[in-house]
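Readers should treat all values here as calculations from the given coordinates under stated rules, not as data from a laboratory. Here the structure is a predicted model, which is why all the values come from computation and not from measurement.
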Amino acid sequence: MSQNIRSWIDKHSFTLTLQAIWLAYGIYSWTTFPFFLWAWVASWIALVIFLAGRHLISKA
């Protein structure tokens, strides 16, 4: 299991880095322009819903 997680992180390290930068900027600019943080949260919620749906469809 940990090998699968490690492999997934290796394949998506660039995307994860961009997400971390986006989160840091969203927190930094929260007081003046909160859109970035809300967009970051919305993108992760959408990803989780997509992956959960895909998992449920594959089990059916």
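Highest GNM mean-square fluctuation, the chain, Cα pairs closer than 10 Å: which of L23, L47, L37?
L47
Could you check which residue among S43, S29, S13 shows the biggest mean-square fluctuation in a GNM of the chain with a 10 Å Cα cutoff?
Of the options given, S13 has the highest mean-square fluctuation.
Over the Cα atoms of the chain, what is the Rg over Rh ratio if Rh follows Kirkwood?
That ratio equals 1.10.
Taking only DSSP H segments of four or more residues, each worth -39500 (n - 2.57), what value at 222 nm results for the chain once the sum is divided by all its residues, to the nearest 500 deg cm²/dmol?
Helix contribution divided over all residues of the chain: -28500 deg cm²/dmol.
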